[in-house]
1. Please find the FRET efficiency linking residue 220 to residue 118, where r is the Cβ-Cβ separation and R0 is fixed at 22 Å, and quote it to the nearest 0.05.
2. Sticking with the crude label model, points 7 Å out along Cα→Cβ, report the distance from residue 110 to residue 151 in nm, one decimal please.
3. Taking 0.36 nm per intervening residue step and subtracting the Cα-Cα distance, what contour gain separates residue 165 from residue 179 on full extension?
4. Sorting 133, 111 on the 10 Å Cβ count, fewest up front, what's the list?
5. Starting with the fewest neighbours, write out 141, 23 ranked by other beta-carbon atoms found within 10 Å of each beta-carbon.
6. Go ahead and run the numbers for FRET between residue 262 and residue 189, Cβ-Cβ distance against an R0 of 30 Å, rounding to 0.05.
7. Starting with the fewest neighbours, write out 18, 227 ranked by other beta-carbon atoms found within 10 Å of each beta-carbon.
8. Can you pull the one-decimal nm distance between simple spin-label points at residue 129 and residue 22, each 7 Å off the Cα toward Cβ?
């Protein structure tokens, strides 16, 4: 306290100067309308800029919550898509508002681990059996096909991505509906795939879209990629095509696990048919 008093006494002239200057400035602004308006506008601009910076910082902190919310909303909208429904034609003439019934549902999940630079790549998501995920379910993102579930615990699941030597999915050309088999490209480029065994009756074009056929884990029409080049298989029996993948696996953050409500019924019936052969 004593040192403070000594400091104030030593520099009392400076402090008096500051007090008088501030007082004079306040009086000048208060009793001159133009200067008062200029001061208010300047202070509002400073305050406004400060609020903008604070708002931007808060928005940055809430990005994760916003992304989670958007992903949940996307899943809800996907559940309402016509491709997620099937037509109950037997009841069509009876009740017109129940023609379409839910076949596919989507569980939103966040990617918590991912690899793209190996021969066999997987990703881990923060959803498991407690949330309805089970082995064999298809997985997509907003951009297109991602892979299938191969391991499940209570709260986590491992997905074998399309970037895996053993991954193979039924696909088709979007324009003429010719069916082929989609797998990862031979050069292990995370942005390229290979569509194999397409009938040589097809007339594909570079730039044509490749989508899911609906014959496997996915609804029909899920994007896979676009044809980047064409090649003929030995003997000219079928066509193979390089496909630029729709999904950028290096930037995956959110995915959707596809729940096919009729999967068990279909696989059970197909297994019975094989047994009878």
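1. Details: r = 31 Å, r/R0 = 1.39.
It comes to 0.10.
2. With each label point 7 Å from Cα toward Cβ, the separation is 2.1 nm.
3. Numbers: separation 14, 0.36 × 14 = 5.04 nm, distance 2.02 nm.
Taking residue 165 through residue 179 to full extension adds about 3.0 nm, to one decimal.
4. Values: 133 23, 111 19.
The fewest-first ordering by Cβ neighbours comes to 111, 133.
5. Working: 141 22, 23 10.
Taking fewest neighbouring Cβ atoms as first place, the list is 23, 141.
6. Values: r = 35 Å, r/R0 = 1.18.
FRET efficiency, residue 262 to residue 189: 0.25.
7. Numbers: 18 11, 227 20.
With the fewest neighbours first, 18, 227 line up as 18, 227.
8. Each label point lies 7 Å from its Cα, and together they span 6.9 nm.
A short reminder: the numbers here are calculations on the coordinates, not readings from a lab. This one's a predicted model, so the numbers in the text were calculated from it and none came from an experiment. Positions of Cβ are generated from backbone atoms using ideal geometry, with glycine treated the same way; all protein chains shown enter the neighbour counts.
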